[in-house]
Amino acid sequence: MARLLSVAGLLLLSPLALASEGADPWTFGVKLSVSALLIGGVAAILGLWVGRDQRRPATFALAMSGLIGSAIGVGAVQSYLDSVDGLAKEADLERMMTMVAEIAVASGDTELAALIEAEGGPKLEIEAEPEPADDELTEAAPAVPEIEE
């Protein structure tokens, strides 16, 4: 019972969290999937009752109808939760791309900025640092003592 209440709470609260972001988990695909589940489930229950052997107890047909109804409910909830999860992943990916873009700008890494742009992130304006001349490299390098053998 507690699990059922937690799922019901998730279903009631997750649309509120996503509504603040402006995302709607009830996409056309989710609506189409739930509609197909309902049509198929109602057809299965109707076929079960129409073709039922009258000599057998009705409890068998009633139990099977309950199982079919449960399967419809589980399928509909799973479609909805998959849609909510997809929206959350898209928001996380966008947030991570923004963070990596900030790191690229702060570090001045042009290769990272190019990678972000290639992956669909924002175009970053990073000024490339001039490469040091060869004589500057030799002056900056510490002297390595020679080891005599």
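The values are calculated or read from the model by the stated rules, or taken from the named source; none is laboratory data. All of these numbers come straight from a predicted model, not from anything done at the bench. Cβ coordinates were reconstructed from backbone atoms using ideal geometry, including for glycine residues, and neighbour counts include every protein chain displayed.
What pairs can you find where one residue is in the range 54-78 and modelled with pLDDT of 95 or more, the other is among the β-branched types (Val, Ile, Thr), and their Cβ atoms are less than 6 Å apart, with a gap of 6+ or different chains?
Ser65/Ile45; Ile68/Ile45; Ala76/Val34
Can you find even one residue in the range 36-52 that is at pLDDT below 95 and outside any helix (DSSP H, G or I)?
For the range 36-52, residues at pLDDT below 95 and outside any helix (DSSP H, G or I): present.
Take the conditions among the polar types (S, T, N, Q), within 30 Å of Gly121 (Cα to Cα), at pLDDT below 90 and loosely packed, with under 11 Cβ neighbours inside 10 Å and apply them to Ser20. Does it pass?
yes
Can you go through Met99, Met64 and tell me which one is exposed (fewer than 14 other Cβ atoms within 10 Å of the Cβ) and either in contact with a helix residue (DSSP H, G or I) (Cβ under 8 Å, 6 or more places away or on another chain) or closer than 30 Å to Ala113 by Cβ (or both)?
Sole residue among the options that is exposed (fewer than 14 other Cβ atoms within 10 Å of the Cβ) and either in contact with a helix residue (DSSP H, G or I) (Cβ under 8 Å, 6 or more places away or on another chain) or closer than 30 Å to Ala113 by Cβ (or both): Met99.
Starting from residues that are of a type in the set (A, V, I, L, M, F, W, C) and surrounded by 17 or more Cβ atoms within 10 Å (Cβ to Cβ), keep the ones in the range 75-86 and report whichever is nearest to the chain's Cα centre (by Cα).
Checked the range 75-86; the qualifying residue nearest to the chain's Cα centre (by Cα) is Val84.
Could you list, ordered by first residue, the pairs with Cβ atoms under 6 Å in which the first is in the range 29-46 and closer than 19 Å to Ala61 by Cα and the second is at pLDDT 95 or above and β-branched (Val, Ile, Thr), at least 6 apart or interchain?
Correct list of pairs: Gly41/Ile68; Gly41/Ile72; Ala44/Ile68; Ile45/Ile68.
Among the residues of the range 47-70, count how many are closer than 17 Å to Leu37 by Cβ and polar (S, T, N, Q).
The qualifying residues number 2.
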